[in-house]
Ligand SMILES: NC(=O)c1ccc[n+]([C@@H]2O[C@H](COP(=O)([O-])OP(=O)(O)OC[C@H]3O[C@@H](n4cnc5c(N)ncnc54)[C@H](OP(=O)(O)O)[C@@H]3O)[C@@H](O)[C@H]2O)c1
């Protein structure tokens, strides 16, 4: 039986009002209790946030990236939250490396309930009209084909658990600013991939959704705002205030806030949600 569905006879219906059954069964801070989630990319930004928020929601995790020191750091933080983390050095563009990841995940836990395709490569910012096609090929390799490869490899295990896939997309979907073209076409293809996989894998009980963050208020962006402030001779706070002035919530989302949206999509709370894309941007773009 898919993990998202709990038989009615396990719910103490005689003591719990019907409209509170789900809340009673899935406390908000344990929505991923005892689930196993594989995450590509360990940070320092969203990958780390995903690992920690999944752990806080009760999941054990498998972390896949190339930098072993960072993998170990994030695995330690997960362990400090009382959950297990298996760190697997993985190059997601390499078939053999990904097969090893899938084998290690299943050997370690015996099951996989969720896969988050977070890892990406930021292609050079340049115009499509003049870009070298090898640059475009390389970007598709990491940002699109690797996500497809991992989903193919984990689909049988996910089908056994009624599992869920989340593709981390980007607000680049919502605009066509110059020099972002290569990144945009990889992410637009990733959105199409998620939607088509939702249709293909839905009959097996696997849900596939996307999360599209805009700015993420993490170290890289903080450094960039510092740089912008210095180059204009204004405080970084002024750069922040100018950028957020037109956002509905007048602030930028933090990695944990983006990660929580992925936690929701991985959880039984989203058990009827598939083929969708949730934008997390404090109201910068409406979709
Ligand atoms: N940062 C933002 O402002 C922002 C905004 C919108 C959307 N996003 C999306 O959010 C996601 C995470 O972005 P982030 O900036 O926060 O990055 P991050 O999660 O901090 O780091 C990216 C991760 O990808 C991994 N990675 C890259 N190439 C890999 C490969 N070939 N094999 C295995 N792992 C690989 C890196 O690890 P190794 O280098 O160790 O392999 C790193 O752990 C991305 O999908 C991005 O498109 C980010």
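Filtered by the rule that a residue be within 15 Å of the ligand (Cβ to nearest atom) and under 30 Å from residue 264 (Cβ atoms), region 107-140 gives 115, 116, 117, 118, 119, 120, 121, 122, 123, 139, 140.
Could you run through region 98-118 and say how many residues are more than 22 Å from residue 58 (Cα to Cα) and surrounded by 14 or more Cβ atoms within 10 Å (Cβ to Cβ)?
First pass over region 98-118, keeping only residues more than 22 Å from residue 58 (Cα to Cα): 98-100, 103.
Checking the rest, the ones that are also surrounded by 14 or more Cβ atoms within 10 Å (Cβ to Cβ) come to 98, 100.
Count: 2.
Is it the case, given these coordinates, that residue 158 is within 13 Å of the ligand (Cβ to nearest atom), in the same structural domain as residue 273 (by TED's automatic domain parsing) and either buried (at least 17 other Cβ atoms within 10 Å of the Cβ) or in a strand (DSSP E or B) (or both)? Criteria not met by residue 158.
Does residue 197 satisfy the criteria of being in contact with a strand residue (DSSP E or B) (Cβ under 9 Å, 6 or more places away or on another chain) and in a helix (DSSP H, G or I)? So residue 197 fits the description; yes.
Figure legend. Inter-residue proximity from region 114-137: first residues more than 30 Å from residue 159 (Cβ to Cβ), second residues assigned to a loop (DSSP other than H, G, I, E, B) and within 13 Å of the ligand (Cβ to nearest atom), beta-carbon distance below 9 Å, spacing 6+ or different chains. Indicated pairs: 125/180; 131/123; 135/123; 136/123. Residues satisfying the criterion are absent from region 224-240 (criterion: surrounded by 14 or more Cβ atoms within 10 Å (Cβ to Cβ) and touching a strand residue (DSSP E or B) at 6+ places or on another chain (Cβ under 7 Å)).
Please specify each residue of region 164-182 satisfying the condition of being in contact (Cβ under 8 Å) with a residue 40 or more places away in the chain and touching a helix residue (DSSP H, G or I) at 6+ places or on another chain (Cβ under 7 Å). Give the derivation first.
Our first condition is that a residue be in contact (Cβ under 8 Å) with a residue 40 or more places away in the chain; within region 164-182, this holds for 164-171, 173-175, 178-182.
Listed by number, the residues that qualify are 164, 165, 166, 167, 168, 169, 170, 173, 180, 182.
Screening 193, 201, 173 for residues that are surrounded by 13 or more Cβ atoms within 10 Å (Cβ to Cβ), within 30 Å of residue 61 (Cβ to Cβ) and more than 14 Å from the ligand (Cβ to nearest atom) leaves exactly one candidate, 201.
The values are calculated or read from the model by the stated rules, or taken from the named source; none is laboratory data. This one's a predicted model, so the numbers in the text were calculated from it and none came from an experiment. In this analysis, Cβ positions are derived from the backbone assuming ideal geometry, glycine residues included, and neighbour counts consider all displayed protein chains.
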